[in-house]
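Enquirer: Got a structure for you, questions after.
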Amino acid sequence: MLKQYETVFIATPVLSDAQMKEAVAKYTKLITDNGGSIVSEEDWGLKQLAYPIDHKTSGFYYLIEFQAEPDFVATLETQYHRDERIIRYLTVALDKDAVAYAQHRRETRANKKAAAPKAEKKAEETEIEIEQED
């Protein structure tokens, strides 16, 4: 029976964009190759850490929401532990309320992204109207 999980990992800040994309591709492929499916991915970018880890004060955060068999989580976390690019990770199982919240969060974020171009267009139209009045 597939369960839904969220995993967040922090990669070392010295990675290039290509190396970060390679690390993400490695874990998404690991999930799909083991019978899981990716529900959502979010790149949170470079952020300050709350405390230094291995003398690093920042890291690249990445969230993957996926469905997989419960015994797969141990395999995923073993791969995180072996990867020197990953400085911290956390995987949690989502209950039905957390799944609903995650769905709502994704929809809200998508609506904000869709509304942003409309707001820019409206601002441009207002600017043109102001210029025409002058």
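The values are calculated or read from the model by the stated rules, or taken from the named source; none is laboratory data. Source: prediction; values computed, not measured. Glycine gets a Cβ as well: all are built from the backbone with ideal geometry, and neighbour counts include every protein chain shown. Protein only, heavy atoms only, side chains kept; ligands, DNA and RNA dropped before computing areas. Shrake-Rupley method; radii C 1.70, N 1.55, O 1.52, S 1.80 Å.
Enquirer: Calculate the spin-label point distance for L63 paired with V92, positioning each point 7 Å from the Cα along the beta-carbon direction, and give it in nanometres.
Expert: 1.0 nm
Enquirer: Over the chain, what relative contact order in percent results from Cα pairs under 8 Å that are six or more residues apart? Mind dumping the intermediate values first?
Expert: Values: 162 pairs, mean separation 45.9, N = 134.
Relative contact order, the chain: 34 percent.
Enquirer: Could the peptides 109-117, 76-84, 64-72 be put in order, highest first, of the mean number of other beta-carbon atoms found within 10 Å of their residues? Display every interim value, and only then the final one.
Expert: On the way: 109-117: 9.9, 76-84: 13.2, 64-72: 17.6.
Taking the mean over residues of other Cβ atoms within 10 Å, the ranking is 64-72, 76-84, 109-117.
Enquirer: Rolling a 1.4 Å sphere over the protein heavy atoms, what is the accessible area per residue of the chain, to the nearest Å²?
Expert: Details: 9010 Å² over 134 residues.
Counting only protein heavy atoms, the per-residue value for the chain is 67 Å².
Enquirer: Specify whether the C-alpha gyration tensor of segment 23-77 places it in the rounded, prolate or oblate class, a ≥ b ≥ c being the square roots of the eigenvalues: rounded for a/c under 1.5, otherwise prolate if a/b is larger than b/c and oblate if not.
Expert: Values: a/c = 2.83, a/b = 2.03, b/c = 1.40.
It comes out prolate by the Cα gyration axes.
Enquirer: Please say if segment 1-120 is rounded, prolate or oblate, where rounded means a/c under 1.5 for a ≥ b ≥ c the square roots of the C-alpha gyration tensor eigenvalues, and otherwise the choice is prolate for a/b larger than b/c and oblate otherwise?
Expert: Working: a/c = 1.78, a/b = 1.08, b/c = 1.65.
Cα axes put segment 1-120 in the oblate bin.
Enquirer: Let me ask you something else. Anything over 23 Å Cα to Cα? Flag those among K56/K113; K21/K56; K47/K113; K21/K47, in the order listed.
Expert: Values: K56/K113 32 Å; K21/K56 20 Å; K47/K113 21 Å; K21/K47 17 Å.
Cα-Cα > 23 Å for K56/K113; rest within.
Enquirer: Multiply the residue separation of D71 and T32 by 0.36 nm, subtract the distance between their alpha-carbon atoms, and state the gained length in nm to one decimal.
Expert: On the way: separation 39, 0.36 × 39 = 14.04 nm, distance 1.43 nm.
Net length gain for the segment: 12.6 nm.
Enquirer: Modelled label-to-label distance, V99 and K21, 7 Å Cα→beta-carbon offset: nm?
Expert: The two pseudo-label positions are separated by 3.3 nm.
Enquirer: For Y51 and A114, what is the calculated FRET efficiency with R₀ set at 41 Å and r taken between the beta-carbons, to the nearest 0.05?
Expert: Once the sixth-power term is evaluated, E becomes 0.65.
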